[in-house]
1. Suppose the chain between ALA127 and ARG226 were pulled fully straight at 0.36 nm per residue; how much longer would it get relative to their current alpha carbon spacing?
2. Mind pulling up the Rg/Rh value for the stretch 191-239? Radius of gyration and Kirkwood radius, both on Cα.
3. For a bin width of 10 Å, list the pair-distance distribution of the stretch 165-209 built from all Cα-Cα distances, rounded to whole %.
4. Dipole size in debye (nearest 20) for the stretch 124-239 around its Cα centre, Lys and Arg Cβ +1, Asp and Glu Cβ -1?
5. Among MET79, MET90, which comes first, then next, by fewest other beta-carbon atoms within 10 Å?
6. What ranking of GLU34, GLU170, GLU96 emerges when the number of other C-beta atoms within 10 Å of each C-beta is taken as an exposure proxy, fewest first?
7. Report, by chain and number, residues whose modeled amide H sits under 5 Å from the one on HIS195, excluding near sequence neighbours (fewer than 5 apart, same chain).
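A short reminder: the numbers here are calculations on the coordinates, not readings from a lab. Since this is a predicted model, take the numbers as computed values, not measurements. Cβ placement follows ideal geometry from the backbone for every residue including glycine, while neighbour counts extend to all protein chains displayed.
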Amino acid sequence: MRRALAAGLLAATAVHAAPAVTAFAPARRALLPELTGTGRRDHVALTFDDGPDPASTPHFLRLLAAHDIRATFFVLGAMLDRHPALGRDMLAAGHELAVHGWTHRCLLWRTPRGTYDDLARARDLVASLGDDRPRWFRPPYGVLTTGALVAGRRLGLQPKLWTAWGRDWEARATPTSITRTVTSTLIGGGTVLLHDSDCTSAAGSWQRTLAALPRIIGWAQDRGLRLGTLAAHQQAVPR
C-alpha cells in the first residue's frame, strides 16, 4: 500500500513538474519556438518583467519614448495593485501589459488551484486598466508547470518565455555584460527578457539595465531589426 501511494505521489509530481524542462533555454529555443516568443524575422520583441515600479519604470518609459519604441511589460499583480496609475500610463503610451503572476513565487511550489487563482487575479487586474484582456503570461523564473498551462488555457493566456536575456538581475551585472549577454543569442525574430524593477533582483540592478538598453536598441537597429511589443512580433509570422 505504501509503495503504491509513494509511486502515485511520484507520478503526480512528475506530471506537475514536467513542463519545467522548458526552462532549459537551448532546448527551448530549438524545439519550442512559439513558447520562446519567436516571431517575425525582421523584428525583436522587447519585454520587461517585475514592474511596474515607480522608482524605476518611468525611466524606462521615457527612454523608450525617446526611441519611439513600445514594449511588453510582464507585470506582477501585487506591484500593479499598488501603482495602478502607472499601469494606465504604460497603456496610454502604447505599451502592452502581460501577466507575470500576482507574486514572484516559483509555480513548482503552487498547487494547480493556487496557480489558477494567482494568474486569474493578476489577469483581472490588468484587464481592469484597459479595454482588452492581456494575451500573454510568463511564469516567475520561466518555470512552467502542468497546472500553469491548464490555467493559462482556461484564462485565455498564452505562455511566452524568451530567446535572449541579459542576466540583469545579478549583482555582478554591468551595462556591458547585459548587452553582451543579450546580443550573444539574439537574432531576428527573437524575444528579449530584461527587468524594469529590482523588486526581486539585486539592489540597483534596474539602473544597469537602463544604461544597457540604448546599446541593445542600437545593436538591433544597426542590423535592420525593429523592436516592439509581443503583439506586433507575433503578427504574420513567416512559416
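1. Extra length available between ALA127 and ARG226 comes to 32.9 nm.
2. 1.07
3. Over the stretch 165-209, the share of Cα pairs per 10 Å bin runs 33, 51, 16, 0 percent.
4. 380 debye
5. Final ranking by Cβ density, sparse to dense: MET79, MET90.
6. Starting with the residue having the fewest Cβ neighbours, the order is GLU34, GLU170, GLU96.
7. Residues meeting the amide H criterion: ASP49.
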